[in-house]
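Novice: Please read through the structure below; I'll follow up with questions.
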Amino acid sequence: MKTRFLCLLLPALFLTVAALAQQQEAPARELYRVHFFKAAPGKLPDLVEAYRNAPLPDNRTPRPLVFRHRVGGDWDLMVIYPLGAKAGLDANPGPLPPALARFRERVMANYAWHTDTYASGPPLAEVEKALAVPEAAKGSGGVYLVEHYTALPGHQKALEDVLRRDLAIARAGSTVLLEHVQGASWDFLVAFRYASWQEWAAAETDPAADDLARRQGFADSDDIGLQLRQHMSAHQDNFLSRVQ
């Protein structure tokens, strides 16, 4: 009886240990609040300036990452607030410090609409490094291609798999993938960073693109878009530059 009990117990123990090891090896994730702003008519310069000089509640709070829209959808700014590993909301937060209250009033007076989305992604240090303006593009703010995707019902995992394989062979300087947690309708947001339009054009015309795609299981580079469209209901591509 004891031998039979041990035979039954040992596989369960091995499975438990394996599950714990897998959890420990899983990469750390952090939360981000992603805003898309449409500026009120004539108010974009003031909205940009407000975020360039945004106050922080304390010296431990990281600055938001601010990007200005160049080509694509009908919005003007993308702002990414790092939130750390956990985030909460308070229905009774109390009065804001004067500087934060003035900043909030200024922003609210300068936009026509905005969206809030909570997303998870790599740790902040990785995101900041990946989205930093390249040294060669300090004066221009660089070139960022930002795509957000909405999956077909039940296709979230399949869409994520295609996106991650695409990122693994991206010819951009660096990339970031954020996954929707709560908010807007998109499921994934992907950012590609380039030092210049010339670097983006070189990546788009890279003669090695087909070989790189085959290494990730695609038929060729054109097959990436075809596979994405098998799993998505909507997507949008936008070019941005870094403001802050």
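We did not get these values from a lab; they are worked out from the coordinates using the rules stated. From a predicted model like this one, the values you see are computed outputs, not experimental measurements. With ideal geometry, Cβ positions are generated from the backbone for all residues, glycine too; neighbour counts draw on all protein chains shown.
Novice: Evaluate the relative contact order of the chain (contact order divided by residue number), counting alpha-carbon pairs under 8 angstrom at least 6 apart; express in whole percent. The partial results should precede the final answer.
Specialist: Working: 396 pairs, mean separation 63.7, N = 244.
Computed over the chain, the figure is 26 percent.
Novice: Kindly state, to the nearest 0.05, the FRET efficiency for residue 244 paired with residue 198, given R0 = 22 Å and r defined as their beta-carbon distance.
Specialist: Working: r = 24 Å, r/R0 = 1.11.
Using R0 = 22 Å, I get an efficiency of 0.35.
Novice: Further, regarding this structure: Please state the relative contact order of region 161-244 as a whole percent: Cα pairs under 8 Å, 6+ residues apart? Don't jump to the answer; show the numbers that get you there.
Specialist: Details: 64 pairs, mean separation 21.9, N = 84.
Normalised by residue count, the contact order of region 161-244 is 26 percent.
Novice: About the Cα centre, and with charges only on the beta carbon of Lys, Arg (+1) and Asp, Glu (-1), how big is the dipole of region 96-183? Nearest 20 debye, please. Write down the numbers at each step before the final one.
Specialist: Values: 9 positive and 10 negative charges, 45 e Å.
So the magnitude is around 220 debye.
Novice: Starting from the coordinates of the alpha-carbon atoms of region 30-242, obtain the Kirkwood hydrodynamic radius over all distinct pairs and give the value in Å to one decimal.
Specialist: Working: mean 1/r = 0.0540 Å⁻¹.
For region 30-242, inverting the mean 1/r across all distinct Cα pairs yields 18.5 Å.
Novice: Kindly provide the helix-only [θ] at 222 nm of the chain, computed as the sum of -39,500 (n - 2.57) over DSSP H runs of four or more divided by all residues, to the nearest 500 deg cm²/dmol? Write out the running numbers ahead of the final one.
Specialist: Numbers: 8 runs with 90 residues, N = 244.
Taken over the chain, the calculation gives -11000 deg cm²/dmol.
Novice: Please compute the alpha carbon radius of gyration of region 155-226, then divide it by the globular-protein estimate 2.2 N^0.38 Å. Two decimals is fine. Kindly include the intermediate steps, with their values, before the conclusion.
Specialist: Working: Rg = 13.3 Å, N = 72, 2.2 N^0.38 = 11.2 Å.
Taking N as the residue count of region 155-226, the ratio is 1.19.
Novice: Of 189, 121, 101, whose Cα points farthest to the positive end of the dipole of region 30-242 (charges on the beta-carbon: +1 Lys, Arg; -1 Asp, Glu; origin at the Cα centre)?
Specialist: The residue sitting farthest along the positive end of the dipole is 101.
Novice: In nm, what is the difference between 0.36 nm times the number of residues separating residue 211 and residue 109 and their Cα-Cα distance? Mind dumping the intermediate values first?
Specialist: On the way: separation 102, 0.36 × 102 = 36.72 nm, distance 5.07 nm.
So the extension gain works out to 31.7 nm.
Novice: Continuing with this model, one more query. Please state the charge dipole magnitude for the chain, taken about the Cα centre, from unit charges on C-beta atoms (+1 on K and R, -1 on D and E), reported in debye and rounded to the nearest 20. Working shown, then result.
Specialist: On the way: 26 positive and 28 negative charges, 168 e Å.
With Lys and Arg at +1 and Asp and Glu at -1, about 800 debye.
Novice: Would you tally the net charge around residue 207, using a Cβ to Cβ cut-off of less than 13 Å, leaving residue 207 out, and scoring K and R as +1, D and E as -1? Please report the intermediate quantities before stating the final value.
Specialist: Numbers: positive: 171; negative: 204, 206, 210, 211, 220.
Result for the local shell: -4.
Novice: Same structure again: Using a 10 angstrom cutoff on alpha carbons, build the Gaussian network for the chain and name the most mobile of 92, 59, 110.
Specialist: Most flexible of the set in this elastic network: 92.
Novice: Calculate, in nm to one decimal, what residue 71 and residue 40 gain on full extension: separation in residues at 0.36 nm each, minus their alpha carbon distance.
Specialist: On the way: separation 31, 0.36 × 31 = 11.16 nm, distance 1.80 nm.
The span from residue 71 to residue 40 would gain 9.4 nm if fully extended.
Novice: At 15 angstrom or more along the helix axis (alpha-carbon based) and mean Kyte-Doolittle of 0.0 or higher, what helices does the chain contain? Whole DSSP H runs only. Intermediate results must be reported in sequence, preceding the final value.
Specialist: On the way: long enough: 2-25 (34 Å, 0.86); 98-110 (18 Å, -0.31); 156-168 (18 Å, -0.59).
Passing helices, by number: 2-25.
Novice: With +1 assigned to the C-beta of every Lys and Arg and -1 to the C-beta of every Asp and Glu, and no other charges, what is the dipole magnitude of region 85-145 about the Cα centre in debye, to the nearest 20?
Specialist: Working: 6 positive and 6 negative charges, 32 e Å.
Roughly 160 debye for region 85-145.
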